[in-house]
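Asks: After the structure tokens below, expect a handful of questions from me.
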Amino acid sequence: MDEIQIPTDFSVVTDDDLGALEAQVRAAAAPLVPRAQGTGEPLTAEETASLQKLAAAVTGITDERKRRIGEASAAAASTRKTSEAVAAFSTDADKGAESDGTTETGKGKKKADSEEDAEEGEGGATVTAGGKKVRVADVAGRGTGKAPNVKGAEGEERKTGSRMLAAPNLPTVNAGTQFANLAEVAQAVEAQFAVYPSGATGQYIKTPVMYLKRDFPKELTIREGMDHEAVAKVFDFAADESRLPDGSLVAAAGWCAPSQIDYGLFELEGSAGMLDLPETQISRGGIQFTTGPDFSTIFGGTGYWHQTEAQVIAATSKPCMVISCPTFTEKRLEVEGVCLTGAFLQDRGYPEMVQRFVRGALKAHARKMNIFKINQIIAGSTLFDYTNVANLPVTTTEFKDLSVVNRLLGILDIQAMDYRYKYRMDPEALVETILPYWLIVSIRADVSRRMGLSLTDAETVTVAMFNTWMSDRNIRAQWIYDWQDVYNTTNTSIVGQTAGIFVMPTTVEAVLYAPGTWVAGVSDVVRLDTVYDSTNLALNQYTQLFTEEGILVAKRGFESRRIKTTIDPSGTLSATTNMVTG
């Protein structure tokens, strides 16, 4: 203890010396702490006094680091306010352009900004990184950019969303404080790193910084102690189309001067094409549920009878059908995560690159989650293979219909009607279908090659038009990425491969099911950690991002159909080919 020189004023000590001092203090205290906790020989009075001085030194070092972080934050805020003050002295021309909502780059910017601000108020944090606003829901949700408004059990407007909350024991933020954006989270991460010991070896410390707390209404939350009937009500409420808008589950000087470096980064990926499933919040490790008996099973039972008068007189036995006990299915939460390791020098020297990489990783994480959900649905669906001539003989009209539009609409309409018949659904009951995004290209090509259409009609086919044709058949279409493309198949000739393709695929699949057949369950808390690893710190590296998320997909309905067919965007019409059967 006598060899350690503890200053009376820590403000005069450099950052490096503070780190070295803390390492010395902690090393000196290491053999004393276990004994003070009752392990080993008790401390003498002199050792107790030394331990107290060492503890006071650690406290002083921590407080000094907090003070410096606070000063740095205040300086940054002052600089920002100064910049805003300077910006206020813009030219009258600039002010005029702003007042009518126009800029040199286009009109309507102010209106767009106000709409974006309105979205922020509706639920969900906004992150500003690399000059681009990115919403948390864009990388973690369904790709709509905001949490959907839903109606609660009593009809009131409710929202499902997430909050970024500070973890306990952070040096500059109180536990439970809600972060406004990822920039504040980054400041908390930096502050946490500042209080880690410097130069220590053989240490690994993982410290929670932020919890992403999901706030689902009670009607969408599966809680501990719920019986099976209560769980079923949560699922039914999640899949109830009438809660959502429009009754849909659906849920944008001179050449000698040196060149200036452009640190901007090219960024293409978006959040469109995410699978839209009703979600429930899972507070434990999984769920148990049962579909119960379907109508086709009840209708085909042996307990129905009809007797003539003679049979009645003869006291003919009347069969009865036994009500069987349902079997329960258990689904456990599985985990999807992402971990990024960065370098301190890279973070300081090129922060735009780090921010852009993190944004890309979070979007890739959301895509991984999307692929998991899709694969669960595909695995739980029954294949209806129209490419097999045993199922679709060459003599049938459906086989001879070469039009992509007609074939798809005809096949899906047949399957939807068969589905409704099997379960005696309302004849106009909605059925959902999932389609890959690239299919719209084949549809457009097919229509544009048709005879007898005006150029305008032939060249303006949109997704919305095809959705309308599907809606007329009481089928709601979802167009998604991450299925039947290079990210979710081993087929090297499919859409999105590195080498590119020259023609579209000639085989396509669709999934068809009743609304509520598939429900996603998510864990209630997602945690983001910082990691102190002395081995990596020796290489000037640290864990930039570490997070994991619980997810499950439950099949609550009776049947999900996977429909496979060939397509040929030739534009051939029935009037130009022999459609006679046989």
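We did not get these values from a lab; they are worked out from the coordinates using the rules stated. Please read all numbers here as calculations on a predicted model, not as lab measurements. Because the Cβ atoms are built from the backbone with ideal geometry, glycine has one as well, and the counts that use them run over all protein chains shown.
Asks: Can you sort Ile501, Ile61, Ile282 so the residue with the fewest Cβ neighbours within 10 Å comes first?
Replies: Ile501, Ile61, Ile282
Asks: Further, regarding this structure: Among Leu32, Ile61, Leu21, which residue has its Cα furthest toward the positive end of the charge dipole of the stretch 10-80, with +1 on Lys/Arg Cβ and -1 on Asp/Glu Cβ?
Replies: Ile61
Asks: Follow-up. At 7 Å along Cα-to-Cβ for each site, give me the label-to-label distance between Ala364 and Glu334 in nm.
Replies: That separation, rounded to one decimal, is 2.0 nm.
Asks: Given points 7 Å out from each Cα along the Cα-Cβ axis, report the Lys318 to Asp215 separation in nanometres with one decimal.
Replies: Between Lys318 and Asp215, the label points sit 5.9 nm apart.
Asks: If amide H atoms are built 1.01 Å from N in the plane of the peptide, which residues on other chains or at least 5 residues away come under 5 Å of the amide H of Phe179?
Replies: Met164, Leu165, Ala166
Asks: Right, another one. If r is the Cβ-Cβ distance from Thr59 to Asp16 and R0 is 30 Å, what FRET efficiency results, to the nearest 0.05?
Replies: It comes out at approximately 0.90.
Asks: Here is the link list: Lys206/Lys555; Lys218/Lys331; Lys331/Lys368; Lys400/Lys564. Which ones come out longer than 27 Å on Cα distance?
Replies: Cα-Cα > 27 Å for Lys206/Lys555; rest within.
Asks: Rg/Rh for the stretch 10-80 to two decimals, with Rh computed the Kirkwood way over all alpha-carbon pairs.
Replies: Radius of gyration over Kirkwood radius for the stretch 10-80 works out to 1.17.
Asks: DSSP loop GluC sites (Glu not before Pro) in the stretch 1-66 with at most 13 other Cβ atoms within 10 Å of their Cβ, which ones?
Replies: Glu3
Asks: Pairs of Cα atoms under 8 Å, at least six residues apart: use those to get the relative contact order of the stretch 10-80, whole percent.
Replies: Result for the stretch 10-80 is 37 percent.
Asks: Note down the nm distance, to one decimal, between modelled labels 7 Å out along Cα→Cβ at Val33 and at Glu309.
Replies: Each label point is offset 7 Å from its Cα along the Cβ direction, giving 9.8 nm.
Asks: Between Asn169 and Arg68, how high is the FRET efficiency from 1/(1 + (r/R0)^6) when r is the Cβ-Cβ distance and R₀ = 22 Å? Nearest 0.05.
Replies: Result of the calculation: an efficiency of 0.70.
Asks: While we're here: Evaluate E = 1/(1 + (r/R0)^6) for Val486 and Ser448, where r is the Cβ-Cβ distance and R0 equals 25 Å; express this FRET efficiency to the nearest 0.05.
Replies: Given R0 = 25 Å and the Cβ-Cβ separation, E is 0.45.
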